[in-house]
Amino acid sequence: MIRRLGLIVALVVGLAPESASASEPSVTLSGHAAIGAGSLVGDRAELGGGGFAEVLFGGGPLMLGLGLGTWFVDDADGGRLATPIALSTAIRLEPDPVGATFRARAGFGAGAIGGGFHAHAFLSMGVYLDFRLDEVISLGVGSDVSFLVGKTGYTDFMPGVLLTFTPRSRS
């Protein structure tokens, strides 16, 4: 499985610049609050936060690339830390002055749950409303839902903000 994911990453990174109408990628930085699903059913709130950085290639509304994230959620088991690396995809309706971004990520990562290290598969999906700030920068507000799958499974709701830098040739 890791070899297949490595091959897919190599293909995305190797082919993405040729498939893009512009050689410059879009870069997205995001900050999130993290609310564990256990907050909905347990006696104790599961709260935390984190962020993602993504580099996306593509000339139209569909963009593909890589993302790296990290977040922490304090829970009854002593907390969990996730640090996934993921293949990222986004469908972006350019803000002019308002647009939308639909994004999904899939990958794997290391982290800590309770008192020990943990490897996990990672899946995340999100929707954001984007506002154009100038020709290159837009600000998005929305939420992701992230799933960690490994020895045990966790679901985290992640409301946040996106700051996207898009090359002028795509504006």
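Sort out which residues of region 69-83 are closer than 21 Å to residue 38 by Cα and part of a strand (DSSP E or B), and write them in order of number.
Let us first name the residues in region 69-83 that are closer than 21 Å to residue 38 by Cα, namely 70-83.
Correct list: 70, 71, 72, 73, 74, 80, 81, 82, 83.
Condition check ((1) in contact (Cβ under 8 Å) with a residue 12 or more places away in the chain; (2) loosely packed, with under 13 Cβ neighbours inside 10 Å; (3) under 16 Å from residue 53 (Cα atoms); (4) polar (S, T, N, Q)) across all residues:
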position: 119; (1), (2), (3), (4): yes, yes, no, no
position: 123; (1), (2), (3), (4): yes, no, yes, no
position: 133; (1), (2), (3), (4): no, no, no, no
position: 138; (1), (2), (3), (4): yes, no, yes, yes
position: 147; (1), (2), (3), (4): yes, no, no, no
position: 150; (1), (2), (3), (4): yes, no, no, no
position: 158; (1), (2), (3), (4): yes, no, yes, no
position: 165; (1), (2), (3), (4): yes, no, yes, no
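Can you tell me which residue among 130, 144 is in a strand (DSSP E or B), acidic (Asp, Glu) and under 20 Å from residue 40 (Cα atoms)?
Just a single option satisfies the conditions, and that option is 144.
If residue 101 passes every condition in (1) without any contact (Cβ under 8 Å) to a residue 60 or more places away in the chain; (2) touching a Phe, Trp or Tyr at 6+ places or on another chain (Cβ under 6 Å); (3) among the polar types (S, T, N, Q) but one, which one does it miss?
(1)
Can you pull out the residues in region 94-127 that are within 16 Å of residue 71 (Cα to Cα) and assigned to a loop (DSSP other than H, G, I, E, B)?
Selection gives 114 alone.
Could you tell me how many of the residues in region 40-83 are buried (at least 20 other Cβ atoms within 10 Å of the Cβ) and among the β-branched types (Val, Ile, Thr)?
Within region 40-83, residues that are buried (at least 20 other Cβ atoms within 10 Å of the Cβ) and among the β-branched types (Val, Ile, Thr) number 1.
Which of the numbered conditions does residue 39 fail, given that it passes all the others? Conditions: (1) at pLDDT 90 or above; (2) in contact with a Phe, Trp or Tyr (Cβ under 9 Å, 6 or more places away or on another chain); (3) over 26 Å from residue 137 (Cβ atoms).
(1)
Would you be able to tell me the number of residues in region 48-65 that are part of a strand (DSSP E or B) and in contact with a helix residue (DSSP H, G or I) (Cβ under 7 Å, 6 or more places away or on another chain)?
Selection size over region 48-65: 3.
The values are calculated or read from the model by the stated rules, or taken from the named source; none is laboratory data. Being a predicted model, the structure only gives us computed values, none of them experimental. In this analysis, Cβ positions are derived from the backbone assuming ideal geometry, glycine residues included, and neighbour counts consider all displayed protein chains.
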